[in-house]
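Report on the following structure.
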Amino acid sequence: MRKHIITFCLILTAAVTLWAQTPTVRINIMDIAETSYTASFQQNDCSQYYIYSDVVGGMDMWIMMMGSVENIVSSWGIACTSDTIHTWTEMQPGTDYVIYALATNGSTSILYTDTLRTLSAGGSGESVITLSVEDITDNSVKTISEPNDQTLLFKDFLIEKASFDTLDIDTVTNWLKDDPYVHYETDTWTWLDLKPGTPYYLCAIGMNGDSVWGEMSKLEFSTTGEPVSITLNSDNSIKVYPNPASNYINIENLSAQSHVVLTDMQGKQIESFNTSNSSLTINTLALSRGSYLLQIFNNPATAPIVKTIILQ
């Protein structure tokens, strides 16, 4: 009987010891706003733990590559060794999120989770984005795009006035709406590598809480310094087709030794071509749908001929 009692005590002691060494992390959500939330983490028997957060279902696309949620959290999460408080910012309003805490102790790892929903943003009124610029130099500018309280989300971008003037307003508006970069609160950004003495437009458009787009805001400014002196090219013999395009673009009536540059609407170069023939075909299958600019240099002494291309 005594032997059985001793054995039982040993088993009980081992179980209590094992339970006491189980790594745990308690998640306590402290504050939730439209684009941020804060949580505290209390650990027990952890040599280390990792914290991470993502939208509900956001892990699904990565599990096949990473193997498990635990692998994702330990690879991308923030490593902690003591109790901590963390705030996630620049999140989406009115969206469900999961907070993960992966507790580790030796070879033992246990995943803890909690869920939350960020507060809704925007209203039923018109979304208006107020634009301003600061610190203008020869080749840089700081832009500020500030949404009003009716705005759920907005998008903004910078474009040369000369390029903007080759487009109709619907093309620019639709390009903005299709821009994958979304903002939910005031966007402050410093643009570099601009052209000296050149007029630009800062453009923005916002969506309200009822998913209705407002009017596009536009602010004109010029960089400082002297612009490059060039003669405008009014050659209208260049043919570019089809436009809108899908798989390719044809350019005809090029002069010998032409130089062709394909850029996005902000002037960032995507591809360039030197030709010795009168025609050129550009494969566009790998490009995202949207608007692009073709700058065609038929004569080094003159400005390029600029053509707007729409891929759909």
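Figures for the structure shown
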read-out	value
Selected residue (only one of Leu219, Leu194 is aliphatic (A, V, I, L, M), surrounded by 12 or more Cβ atoms within 10 Å (Cβ to Cβ) and outside any strand (DSSP E or B))	Leu194
Which listed residue, of Asp187, Asp114, Asp178, is surrounded by fewer than 17 Cβ atoms within 10 Å (Cβ to Cβ) and out of contact with any Lys or Arg (no Cβ under 8 Å at 6 or more places or on another chain)	Asp114
Those residues of region 197-216 which are on the phi < 0 side of the Ramachandran plot and part of a loop (DSSP other than H, G, I, E, B), in sequence order	Thr198, Gly209, Asp210, Val212, Gly214, Glu215, Met216
The one condition in (1) free of Cβ contacts under 8 Å to residues at least 60 places away in the same chain; (2) more than 30 Å from Ala33 (Cα to Cα); (3) open to solvent by less than 80 Å² (accessible area, probe 1.4 Å) that Ser246 fails to fulfil	(1)
Residue in region 56-88 that is most open to solvent (accessible area, probe 1.4 Å), counting only those that are polar (S, T, N, Q) and assigned to a strand (DSSP E or B)	Thr87
Residues satisfying the stated conditions in region 89-109, i.e. out of contact with any helix residue (DSSP H, G or I) (no Cβ under 9 Å at 6 or more places or on another chain) and either open to solvent by 30 Å² or more (accessible area, probe 1.4 Å) or among the aliphatic types (A, V, I, L, M) (or both)	Thr89, Glu90, Met91, Gln92, Asp96, Val98, Ile99, Ala103, Asn105, Gly106, Ser107, Thr108
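The values are calculated or read from the model by the stated rules, or taken from the named source; none is laboratory data. Being a predicted model, the structure only gives us computed values, none of them experimental. Note that each Cβ is placed from the backbone with ideal geometry, even for glycine, and that neighbours are counted across all protein chains shown. For accessibility, only protein heavy atoms count, side chains too; no ligands or nucleic acids. Shrake-Rupley method; radii C 1.70, N 1.55, O 1.52, S 1.80 Å.
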